[in-house]
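The values are calculated or read from the model by the stated rules, or taken from the named source; none is laboratory data. These numbers were taken from a predicted model, which means no experiment stands behind them. Note that we place each Cβ from the backbone using ideal geometry, even for glycine, and neighbour counts take in every protein chain shown.
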Amino acid sequence: MITTPRASGLLLHPTSLPGRWGIGDLGDSAYQFLDFLQETGQQLWQVMPLGPTGYGDSPYQCFSAFAGNPMLISLDRLHAAGLLTDADFASAPHFPDEHVDYGAVIPFKQDMLRRTFDRIMSNASPSQRQAFNTFRAANAAWLDDYALFAALKAAHGGAGWVSWEAEIARHEPDAVQRWSRELSTEVQFHAYTQYVFFLQWGALRRSANERGIRIIGDIPIFVAYDSADVWANRAIFELDAQGNPTVVAGVPPDYFSETGQRWGNPLYRWPMLEQRGFDWWISRFRASLHLVDIIRLDHFRGFAAYWEVPAAEETAMNGRWVTAPGGRLFDMVKRELGDLPIIAEDLGVITPDVEELRDRFGLPGMKVLQFAFGSNDPQDPYLPHTYPPRCVVYTGTHDNDTTLGWWLNLADWERSRVQTYLARDGHDICWDMIRTAFASVAATAIVPLQDVLGLGSEARMNTPGLAAGNWSWRFRPEQIDGQARERLRITTEIYGRAPVKPKRA
């Protein structure tokens, strides 16, 4: 449970940070963002999953639930360490400032990371080699499979694991050993990129904590089908003998889609996991707490019951609810790891069993202001006067339009309801909503940076159901001007969300 009485923070994925090399990273801009958070009294920085992304570049569809994204590694920090030279950057392409061009960024950064790998493997000191070997040994439970998986994907032209040779697709021990020997250099490269990522992320997180800032990170309930997790752990997923999913995850028709959302993630064999003491999930929670301070459990309702869709279905309409053993899972997590700092993403179709599971473990749920005005019900659970203190309020999430974009696309009747409730005409709607969130009784308030900057739909991070064009927004340094900085600081202080200053003796 979050223990700070009142706090606030910003939602911003590291890919959205500014920088020279096409994508936000863990270098100077990340530390400057920490400065901004500290100066304005924020105590929280919420990020999305930090894993290596696959098709569609979604952080919610990663190649591993344990690994970090090498695209977030700061090349400037490697340059400062002497692993890159000025000449290495001479042929760098021109990158746009306001969005990530993944097609250009990924090959560029991979090439640069390979250069650093070649140099450090040739010239590493005994202490550097020892540090790398210690990292590999400490993380072998997931790193060995991930590094081999990444090497195998490259060797197979990026093809999914189900199409590989049968023995290695089945993760048979003899095949794993043989391929590990044949691809040893490539395996070592992917282990190296993980080593560098965790070094840089660890330093950034320590800097955040030293400033009194905690990092909120996501655990998506499901993992990507084409991932090291599924490939190396087929027994805990609903797959047929050939490795194809028999049923997949999704949600029924809702606010975001009339046909629901067919996510396509394989579903868990919960009886098998429970028989094993939920070992894979225990490891996942433990690994996440090495990355972040607070966990946001995405799609929390799936731990009570999940929407099961036959794999042959093209939409999520023809699915069914299946009960999950969430209570027994969290009992085991608590027994193994103690009370965890978890936010339950309890949006969507919430039933009494979901609320009971959330409340049984004392987890704060989520409230989204953009959802509050779609009915005339004065007891709508998203209206601030209905909130319990134990919750986290957002103006919007990564799946919502920005507040300005949402406002401009509202129906007249809903816009009128917003104006009446807020007692504002909406000309300053972003700050109207931020002020409302911060003034609420919710213990925690989180605002996407786009709303602080007053940006429209062009800055939207994700549109659910849209296959392309997501996850690419970036801000420019000059957009965080003095006015935005001062308004955020004052709003945070007025509503008692700034850090409590020690009283003078």
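The table that follows gives values for the structure above.
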{"read-out": "Yes/no for residue 163 being at pLDDT below 95 and more than 17 Å from residue 73 (Cα to Cα)", "value": "no"}
{"read-out": "Breaking point among (1) surrounded by 21 or more Cβ atoms within 10 Å (Cβ to Cβ); (2) closer than 18 Å to residue 374 by Cβ, for residue 474", "value": "(2)"}
{"read-out": "Unique match (being closer than 20 Å to residue 46 by Cα and at pLDDT 95 or above) among 384, 341", "value": "341"}
{"read-out": "Every residue from segment 218-227 that is assigned to a loop (DSSP other than H, G, I, E, B) and aliphatic (A, V, I, L, M)", "value": "221, 223, 224"}
{"read-out": "Meets criteria (β-branched (Val, Ile, Thr), buried (at least 22 other Cβ atoms within 10 Å of the Cβ), at negative phi and in a helix (DSSP H, G or I)) for residue 230", "value": "yes"}
{"read-out": "Total residues in segment 464-483, condition farther than 18 Å from residue 213 by Cβ and touching a residue at least 12 places away in the same chain (Cβ under 8 Å)", "value": "13"}
{"read-out": "Residue within segment 407-419 that is surrounded by fewer than 23 Cβ atoms within 10 Å (Cβ to Cβ), within 27 Å of the chain's Cα centre (by Cα) and not in a loop (DSSP other than H, G, I, E, B) present", "value": "yes"}
{"read-out": "Residue list for segment 319-339, restricted to those being surrounded by fewer than 13 Cβ atoms within 10 Å (Cβ to Cβ), out of contact with any Asp or Glu (no Cβ under 6 Å at 6 or more places or on another chain) and free of Cβ contacts under 8 Å to residues at least 40 places away in the same chain", "value": "323, 334, 335, 338"}
{"read-out": "Qualifying positions in segment 1-52 - touching a strand residue (DSSP E or B) at 6+ places or on another chain (Cβ under 7 Å), over 21 Å from residue 97 (Cβ atoms) and either without any contact (Cβ under 8 Å) to a residue 12 or more places away in the chain or of a type in the set (S, T, N, Q) (or both)", "value": "8, 42, 43, 46"}
{"read-out": "Test result for residue 186, among the charged types (D, E, K, R), over 30 Å from the mean Cα position of the chain (by Cα) and either under 22 Å from residue 121 (Cβ atoms) or at pLDDT 95 or above (or both)", "value": "no"}
{"read-out": "Segment 421-439, subset out of contact with any Phe, Trp or Tyr (no Cβ under 6 Å at 6 or more places or on another chain) and aromatic (Phe, Trp, Tyr), residue surrounded by the fewest Cβ atoms within 10 Å (Cβ to Cβ)", "value": "421"}
{"read-out": "Hey, residue 442 touching a strand residue (DSSP E or B) at 6+ places or on another chain (Cβ under 7 Å), buried (at least 21 other Cβ atoms within 10 Å of the Cβ) and over 24 Å from residue 383 (Cβ atoms) or not", "value": "no"}
{"read-out": "Complete set of residues in segment 452-486 that are in contact with a strand residue (DSSP E or B) (Cβ under 9 Å, 6 or more places away or on another chain), at pLDDT 95 or above and either hydrophobic (A, V, I, L, M, F, W, C) or over 18 Å from residue 14 (Cβ atoms) (or both)", "value": "452, 455, 458, 459, 461, 471, 473"}
{"read-out": "Residue match in segment 483-492 (condition: surrounded by 13 or more Cβ atoms within 10 Å (Cβ to Cβ), among the β-branched types (Val, Ile, Thr) and within 21 Å of the chain's Cα centre (by Cα))", "value": "no"}
{"read-out": "Filter result for residue 355 (in contact with an Asp or Glu (Cβ under 9 Å, 6 or more places away or on another chain), surrounded by fewer than 21 Cβ atoms within 10 Å (Cβ to Cβ) and part of a helix (DSSP H, G or I))", "value": "yes"}
{"read-out": "Subset tally (residues that are more than 21 Å from residue 461 (Cβ to Cβ), surrounded by fewer than 13 Cβ atoms within 10 Å (Cβ to Cβ) and either in contact (Cβ under 8 Å) with a residue 60 or more places away in the chain or not acidic (Asp, Glu) (or both)) for segment 82-119", "value": "8"}
{"read-out": "Search result, residues across segment 51-75 that are surrounded by 18 or more Cβ atoms within 10 Å (Cβ to Cβ), in a helix (DSSP H, G or I) and of a type outside the set (A, V, I, L, M, F, W, C)", "value": "57, 70"}
